[in-house]
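Each remark here refers to the structure printed beneath this line.
Please treat every number below as a calculation from the coordinates, not as lab data. Remember, it's a predicted structure, so these values are computed and weren't measured experimentally. Here the Cβ is made from the backbone with ideal geometry for all residues, glycine too, and neighbour counts use every protein chain on show.
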Amino acid sequence: MVTLDPRRFAGALTLAVLLVGLVTLATAGGAGGDLTSIFEYEPGEQTVTPGERVTVDVEVFAGGVAYDIGVDRVNATLAHDPQALTVTDVEPGGWLAQGETDLAVETDIDDEAGTVQVVQTRDPASGGVTGNGTLLTVTVAVSGDATPGNYTLFYGESNVRMVNDHYQPVFTDNGTLRVSEGRTTADGGGTSRFTLGVATVIALVVGAVVARRVRGGRD
């Protein structure tokens, strides 16, 4: 007799329900996650040593193709442990500056709080931007007396505005810096935004609902 683990069964059932919802919404309302934004760190994981400096990219995916609605403003807030990590430099990745337009950038690094806020705005919007690319390149310095262990790179309040003044739901994927006393190696680990996990399915389903509402407002 085969015994089913209730926790595994519940997880599988939840994923199945979300997948059915995604297919249903995609069929009824067009591209399922077309009005959803996803932020992730790349690489998702790195092993570093005390006193070292490393660079981490903030990758972004933003929908809008199916409805011809682009993004013209991104407010990204990054956060980390200020006792072990310090952000020394932040550079725009170029994703939002695509096309013949200028990019206004406001950067606020708060070392004590361990936060970095970067607001990027297209001027003129010129239809905005969709798709995926590098939003920011961040340089992180590891304290010389940092205790070995895992340190999370996560996000504070962030938002993505489209040219029609609607805001997309934002989903984020944290990164990890593993501080080690040994030799430094870099990993390309972490969860990819293209991995169809439960969080991604939820993002796509929510995006479908928002997309239908936005499209309904335009009709």
Condition met for Asp108 (free of Cβ contacts under 8 Å to residues at least 12 places away in the same chain and over 15 Å from Val170 (Cα atoms))
yes
Taking segment 136-186 and keeping only residues that are more than 22 Å from the chain's Cα centre (by Cα) and either under 20 Å from Ala104 (Cα atoms) or of a type in the set (A, V, I, L, M, F, W, C) (or both), one is left with Val142, Ala146, Val179
Per the list (1) hydrophobic (A, V, I, L, M, F, W, C); (2) assigned to a strand (DSSP E or B); (3) farther than 21 Å from Gln46 by Cα, residue check on Trp95 breaks on (2)
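Of Thr130, Thr107, Thr134, which residue is touching a helix residue (DSSP H, G or I) at 6+ places or on another chain (Cβ under 8 Å), on the phi < 0 side of the Ramachandran plot and surrounded by 14 or more Cβ atoms within 10 Å (Cβ to Cβ)?
Numbers: Thr107 fails: touching a helix residue (DSSP H, G or I) at 6+ places or on another chain (Cβ under 8 Å); Thr134 fails: touching a helix residue (DSSP H, G or I) at 6+ places or on another chain (Cβ under 8 Å).
The unique qualifying residue is Thr130.
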Arg178 fails exactly one of (1) in a strand (DSSP E or B); (2) touching a helix residue (DSSP H, G or I) at 6+ places or on another chain (Cβ under 8 Å); (3) of a type outside the set (Val, Ile, Thr), namely (2)
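Search segment 74-104 for residues being of a type in the set (Gly, Ala, Ser) and more than 20 Å from Asn164 (Cα to Cα), and hand back the single one that is surrounded by the fewest Cβ atoms within 10 Å (Cβ to Cβ). Full working, then the answer.
Our first condition is that a residue be of a type in the set (Gly, Ala, Ser); within segment 74-104, this holds for 76, 79, 84, 93-94, 97, 99, 104.
Then keep just the ones that are more than 20 Å from Asn164 (Cα to Cα); that gives 79, 84, 93-94.
Values: Ala79: 18, Ala84: 20, Gly93: 18, Gly94: 13.
Within segment 74-104, the match that is surrounded by the fewest Cβ atoms within 10 Å (Cβ to Cβ) is Gly94.
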**Asked** Could you say whether any residue in segment 50-73 is in contact with a strand residue (DSSP E or B) (Cβ under 8 Å, 6 or more places away or on another chain), part of a loop (DSSP other than H, G, I, E, B) and surrounded by fewer than 15 Cβ atoms within 10 Å (Cβ to Cβ)?
**Response** yes
